[in-house]
1. Within the range B:361-378, can one find any residue that is among the polar types (S, T, N, Q), modelled with pLDDT of 95 or more and open to solvent by 30 Å² or more (accessible area, probe 1.4 Å)?
2. Can you tell me which condition B:Val144 does not meet? The list is (1) away from chain A (no Cβ under 14 Å); (2) not in a helix (DSSP H, G or I), and all the others hold.
3. Which of (1) touching a residue at least 24 places away in the same chain (Cβ under 8 Å); (2) of a type in the set (S, T, N, Q); (3) part of a helix (DSSP H, G or I) is the odd one out, the single condition A:Gln25 does not satisfy?
4. Looking only at the range B:232-270, count how many residues are over 30 Å from the mean Cα position of the chain (by Cα), within 14 Å of chain A (Cβ to nearest Cβ) and of a type in the set (A, V, I, L, M).
5. Pairs, please: C-beta under 9 Å, at least 6 apart or cross-chain, first residue in contact (Cβ under 8 Å) with a residue 12 or more places away in the chain and under 29 Å from B:Ala58 (Cα atoms) and in the range B:1-30, second surrounded by fewer than 18 Cβ atoms within 10 Å (Cβ to Cβ) and of a type in the set (A, V, I, L, M)?
6. Determine which member of the set B:Thr398, B:Thr350, B:Thr408 is touching a residue at least 60 places away in the same chain (Cβ under 8 Å), under 28 Å from B:Leu33 (Cα atoms), assigned to a helix (DSSP H, G or I) and among the hydroxyl-bearing types (Ser, Thr, Tyr).
7. Cβ contacts < 8 Å: first residue within 12 Å of another protein chain (Cβ to nearest Cβ), restricted to the range A:62-83; second residue assigned to a helix (DSSP H, G or I) and open to solvent by 70 Å² or more (accessible area, probe 1.4 Å), any location; separation 6+ or different chain. Result?
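The values are calculated or read from the model by the stated rules, or taken from the named source; none is laboratory data. Computed from a prediction, not measured in an experiment: that's the story for all the values here. Ideal geometry is used to build each Cβ from the backbone, glycine not excepted, and the neighbour counts take in all protein chains shown. Heads up: the accessible areas ignore ligands, DNA and RNA and are worked out on the full protein's heavy atoms, side chains in. Shrake-Rupley method; radii C 1.70, N 1.55, O 1.52, S 1.80 Å.
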Amino acid sequence: MKNNLFEAFHADHAALGRGFHDLSQCLRSNDPASAQRVARSIDAVAGAHIAFEEEHFYPALLPLLGKTELKRMYREHRDGLEVVRRLLQHPPEQALDQALLAELLHQSEAMESHIAECGELFAAMGRIPAEDQTILHRHLLQWRERAPRWSDFAASRVSARPPTTSEP
Amino acid sequence: MSTRAALPIVGQCEVLLPDAEHRRLSQLAQRILKHEPGLPLCEAFGRGVASGLDDGPALLFEDHSEITLFSCPEDETLQYRSLLLADDDDLVLIRTRRNLAFERYCCETLALGNAEVMVLPSDSTRPPLPLHGADHADTFRTIVNVARRQGRLTIIPYIGTESAWRLAGQIAAASGAQISMAAPPPTLTQRVNNKLWFARRVTEVLGHDARPPSYQASGPAAVAVRVAALARRTDRVVVKIPDSAGSAGNLVLESAAVRALPLHELQGQILGLLESLGWRSHFPLLVSVWDCAVLSSPSVQLWVPLLEEGLPVVEGLFDQIVRGDQSEFIGATPCDLPPPLCRRLATEATQLALLFQHLGYFGRCSFDAIISGTDVRSASLRWVECNGRWGGTSVPMTLANRLLGDWTRRSVMVVQRGGLKHRGWDLPAALDRLGPLVYRRGGDGTGAIVLTPGRLEEGCGLHLLLMGHTLPDVERLRSDVEAAFAGTASGVIREWRPFERTEKSPPGVGKFDSGKIEHNAGA
């Protein structure tokens, strides 16, 4: 079960990492159409993984890392989603001005770093008790089945309850 | 192979790798280049610039300002190392106090030729030295005139940073001359000197066990988690700033102290300590096991020719003499590890260098390893760092090759001590004091050579190359040199005991007893 959890987590994580890597590349080459396409794909595929992290993985880290650190990680998710949203809202035929491009690229690269760190945190949590791993794995599979869009998950989370109830 | 008289490349052991290994490393290089095609590129600096070396005039400089945490005022005295690699008609660019006595010493006593030293004015904004040289009209004009007159110029930078390459491009554009850079392209330079990038390459070339257990940490929480995890199974953990040089960016932590802290407190403490080193909150960091049972810290010195000009040349194996918790480099002696281990060091270093060569590397390169365990015959060998630049061992080694034809014709020792307190000696007085101990060209190839004068003159250390017929001769020479300075200290050095090898170290892999030096220096 442990391996299943780790493998499933890493597969989702790698997809998210590739997505933001591609997004940064599109932004670097000032290709808004491709950036929008990648952003749409990230929004479609990343929701389950983000939901798993925010609802289950991060709360498990709270006793270890403390509130300040966890707040930062939730904030970095919001910043990552903001890049996706702004790109999806941008008129496809319109070029991105340099200032916006630089800002989006900066945020996308920051999300790449966040993804790397998050993967490292998970890999280092090698001592999660077996029963907890089983529960985590079940949650992860449930989120995969539901497969929400990232933006929908974020909206539902905000409307369902104030962030402070689950975020530290 | 392209060479110059002032930069002789002298191979010490021939490493033959099977054809299959050549193919494997070439294919590995292609995979890396597919992922990062910019590694070997230098076209952005103009068509007249490429990696290489020729025997025409050269411009040399040593600048540390773009290496994280490696730039400090004391380093400025090292800028004169470039003069040791220069020849007649070469130009040496510095940005430190000019020392005519040292220039005379290099020209007359060491007979290294009559290079022209150009001094840049001090600049409070401290731009990288090569950019400063390009912006300084008189300096730039002098360089361009030499390049134009000869139709070519070799640039020999301490490290092939983008600034160094930009200077090359500007000279090429202004002079129309062909500029050869004795350095790898800038992106590759940056990568090979990055400890994380190097660790990945070691794993690919030599396997997981060829490096200490180490992990990338991309953010504050990950650093704490990785440190805590490693602290559960080892006595010490090190956090390294990947793009710093030498020991400057190493934070060594006692695992017992780490284990006592909750993660969020550990995180705060680590970040605080890193900031006190000068770290600017840049991630990722490298978290690694810090070997405690270290028997030796060898370095393999190589010259990497252009791919079409031959295999990497192993020029020397040295024991690095280090001190303190961060393993600061304070000198080097020829490696006297058992021959099978030396052979393995040379072979594995050649494998790494061959990969780099396939990636477009050219020029000076060294690899640092750690030999650890209870006995040197059963010890483990792990590669910890690549120095894709000149350094504290390669400059004196090349100087010795230049003076002797082959450095192995004498026993040699490099002494590079800073942080001492003693009476300041200006160079002529120091040379007078040493008298017959001083190396002189035309003699028997033995004696003490002042590598740079700054620390000696400022009374804060020594920077010497010592050469003798045998190792005991060199030990005696070191002792005599120290006595010559310490014996006349007018109350400034109250006691300066000679360097000693620790009794616990096995023969040939000892360390200078830095504790005594530090204690006495502060007395």
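1. Scanning the range B:361-378 turns up no residue that is among the polar types (S, T, N, Q), modelled with pLDDT of 95 or more and open to solvent by 30 Å² or more (accessible area, probe 1.4 Å).
2. The number of the failed condition is (2).
3. Among (1) touching a residue at least 24 places away in the same chain (Cβ under 8 Å); (2) of a type in the set (S, T, N, Q); (3) part of a helix (DSSP H, G or I), the lone unmet condition for A:Gln25 is (1).
4. Counting residues in the range B:232-270 that are over 30 Å from the mean Cα position of the chain (by Cα), within 14 Å of chain A (Cβ to nearest Cβ) and of a type in the set (A, V, I, L, M) gives 4.
5. B:Met1/B:Leu306; B:Ser2/B:Leu306; B:Ile9/B:Met1
6. None of the others qualify; the one that does is B:Thr350.
7. A:Leu64/B:His264; A:Leu65/B:His264; A:Gly66/B:His264; A:Thr68/B:His264; A:Glu69/B:His264
Residue-by-condition table, conditions (1) without any contact (Cβ under 8 Å) to a residue 12 or more places away in the chain; (2) open to solvent by less than 10 Å² (accessible area, probe 1.4 Å):
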| site | (1), (2) |
| --- | --- |
| B:Ser122 | no, no |
| B:Ala137 | yes, no |
| B:Ile143 | no, yes |
| B:Met181 | no, yes |
